[in-house]
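The block underneath contains the structure these notes are about, expressed in structure tokens.
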Amino acid sequence: MLYSDVHLHVNPVRGLGAEKVARKFKSKGGWFISIISLPPYHYGFTDISVESYRKSLDLITREAMKAKTYGLEVVKFLGFHPAEIDNYYKLGVRSDKLLKLVDEVFELMESALRDNLIDGIGEVGRQHYGTSPERFVFSESVMIRALMLARDYNVPIQLHLEQGGLATAYSIKLLAGTLGISTEKTIIHHANLETAIWSDSYGVVFTAPIRYFDERYASNKWRYCMIESDYIDDPSRPGASAYPWEIPDTINKFIEKNVLTEEQAYKILVDNVVKTFGVNPP
Ligand SMILES: [Zn+2]
């Protein structure tokens, strides 16, 4: 079997970095990873300015290049995470100043898309935890704008959302239809089983976190499922997410137990990835 991880983070400043992650994942049969940029301050870029995002873009560009030398197919994403919006509010940044930063980061993302420096937008979305209504609507506005940008450049978008089952899947289907972006590009990241069921029935692509991928989750005949580790590469938060190599271990276990057929595993680990990200098949 060939394995993919469609949502992970690498942090060469604090953690293992792409080189070690790619080497180990490849040795376990990995063929594809999707690197999602972390908030700039996770890399030590603490200036609240577009410069920090430019540095993050440079960093993931270099990291992706390193990962590619191990023979992996690699795509990369730059975004504006709802946690960043909370963080800047907490630091006392007013909404008008924050919107100016968002404008500049969107200019950066657009030029990066034009120059093929990134393969999509993400993560953007809505807080999955309690926050103020103001921050929530700000985050959602950023997401709507990101959906329009992804539509204009015909690229996938990684959405960080509350896990609201039908409500979450319906909201993305509705927004995608209104804005004119295909639901085969709007990836509902970190979907729990309930949200996965509704996403699949609405034809919205989603990623199953390998930690949630138990027998019940694995035994569904998914059409739009892909798999992620959401590895955060931060040694100060061990256990906060899975390792990419837990993907081959878990998938193999379910194939052996006949919970998952090889054909179904190939669909979610290869076919759906090729289709969503527009990469060459392995
Ligand atoms: Zn993530």
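So what is the 222 nm mean residue ellipticity for the chain from helices alone, if each DSSP H run of at least 4 adds -39500 (n - 2.57) and you divide by all residues, rounding to the nearest 500 deg cm²/dmol? Let's see the in-between values first.
On the way: 11 runs with 130 residues, N = 282.
About -14000 deg cm²/dmol.
Within straight cross-link reach of LYS100, meaning Cα distance under 15 Å, which aspartates and glutamates are found once same-chain residues fewer than 8 apart are removed?
Answer for LYS100, where 15 Å is the Cα cut-off: ASP47, GLU51, GLU84, listed by chain and number.
In whole Hz and in residue order, list the ³J(HN,Hα) couplings for segment 140-148 that follow from phi through the Karplus curve 6.51 cos²θ - 1.76 cosθ + 1.60, θ = phi - 60°; x for Gly and Pro.
My calculation for segment 140-148 gives 5, 5, 4, 5, 4, 5, 5, 4, 5 Hz in order.
Which residue fluctuates the most in the chain, going by a Gaussian network model with Cα springs under 10 Å, if the choices are SER229, SER171, SER52?
SER171
Please order ARG211, ARG114 by the number of other Cβ within 10 Å, starting at the fewest. Intermediate results must be reported in sequence, preceding the final value.
Details: ARG211 15, ARG114 10.
Lowest count first: ARG114, ARG211.
Residue separation times 0.36 nm, minus the C-alpha to C-alpha distance between ASN220 and SER236: what's the value? Walk me through the numbers on the way to the answer.
Working: separation 16, 0.36 × 16 = 5.76 nm, distance 3.50 nm.
Contour length minus Cα-Cα distance gives 2.3 nm.
Tell me, what ³J(HN,Hα) does each residue in segment 211-224 have, in order and in whole Hz, if you take phi through Karplus 6.51 cos²θ - 1.76 cosθ + 1.60 with θ = phi - 60° and put x for Gly and Pro?
After applying 6.51 cos²θ - 1.76 cosθ + 1.60, I find 5, 8, 7, 8, 4, 5, 5, 6, 7, 6, 8, 5, 9, 10 Hz.
Find, among the chymotrypsin sites (Phe, Trp or Tyr not before Pro) in segment 191-282, those assigned to loop by DSSP (not H, G, I, E, B) with at most 10 other beta-carbon atoms within 10 angstrom. Please list the in-between numbers first.
Details: sites: TRP198, TYR202, PHE206, TYR212, PHE213, TYR217, TRP222, TYR224, TYR231, TRP245, PHE254, TYR266, PHE277; in loops: TYR212, PHE213, TRP222, TYR224, TYR231, TRP245.
Passing both the DSSP loop test and the Cβ count: no residue.
Using Cα positions and a limit of under 19 Å, work out the aspartates and glutamates in reach of LYS221, with same-chain residues fewer than 8 apart set aside.
GLU184, GLU194, ASP200, GLU256, GLU262, GLU263, ASP271
Taking amide H positions as placed 1.01 Å from N in the peptide plane, with prolines and chain starts having none, which residues 5 or more places from GLU228, or on another chain, fall under 5 Å of its amide H?
Answer set, sorted by chain and number: VAL6, ALA208, ILE210.
In terms of modelled amide H atoms, which long-range or inter-chain residues lie less than 5 Å from the amide H of LEU260?
ILE255
For segment 32-105, which trypsin sites (Lys or Arg not before Pro) are both in a DSSP coil and crowded by at most 13 other Cβ atoms within 10 Å? Can you show the working numbers first?
Values: sites: ARG54, LYS55, ARG62, LYS66, LYS68, LYS76, LYS90, ARG94, LYS97, LYS100; in loops: ARG94.
When the trypsin sites (Lys or Arg not before Pro) of segment 32-105 are filtered for loop state and at most 13 Cβ neighbours within 10 Å, ARG94 remain.
Could you give me the ³J(HN,Hα) list for segment 90-106, computed from phi with Karplus coefficients 6.51, -1.76, 1.60 and θ = phi - 60°, whole Hz, x at Gly and Pro?
Per residue, the Karplus-derived 3J(HN,Hα) values read 4, 7, x, 6, 7, 4, 5, 6, 5, 5, 5, 5, 4, 4, 5, 5, 5 Hz.
Of the candidates PRO235, PRO156, PRO12, which one comes out as most mobile in a Gaussian network treatment of the chain with C-alpha springs shorter than 10 Å?
PRO235
Given springs between every Cα pair under 10 Å in a Gaussian network model of the chain, which of LEU166, LEU91, LEU174 has the largest fluctuation?
Largest GNM mean-square fluctuation: LEU91.
So how do ASP58, ASP230 line up by other beta-carbon neighbours within 10 Å, fewest first? Please report the intermediate quantities before stating the final value.
Numbers: ASP58 11, ASP230 22.
Ascending Cβ contact count within 10 Å gives the list ASP58, ASP230.
Would you please give the residues with an amide H less than 5 Å from that of GLY122, counting only those at least 5 places away or on a separate chain, with H modeled from the backbone geometry?
Amide H to amide H, under 5 Å and 5 or more residues apart or across chains, GLY122 pairs with LEU78, GLY79, PHE80, GLN158.
Using Cβ counts within 10 Å as a stand-in for footprinting exposure, how do GLU263, GLU134, GLU123 rank, fewest first?
Values: GLU263 8, GLU134 11, GLU123 29.
Starting with the residue having the fewest Cβ neighbours, the order is GLU263, GLU134, GLU123.
Round to a whole angstrom and tell me the spacing of the C-alpha centers of segment 1-39 and segment 146-219.
22 Å
Since every read-out is calculated from the coordinates, none of them should be taken as a lab result. From a predicted model like this one, the values you see are computed outputs, not experimental measurements. All Cβ positions, even for glycine, are placed from backbone atoms using ideal geometry, and neighbour counts span all protein chains on display.
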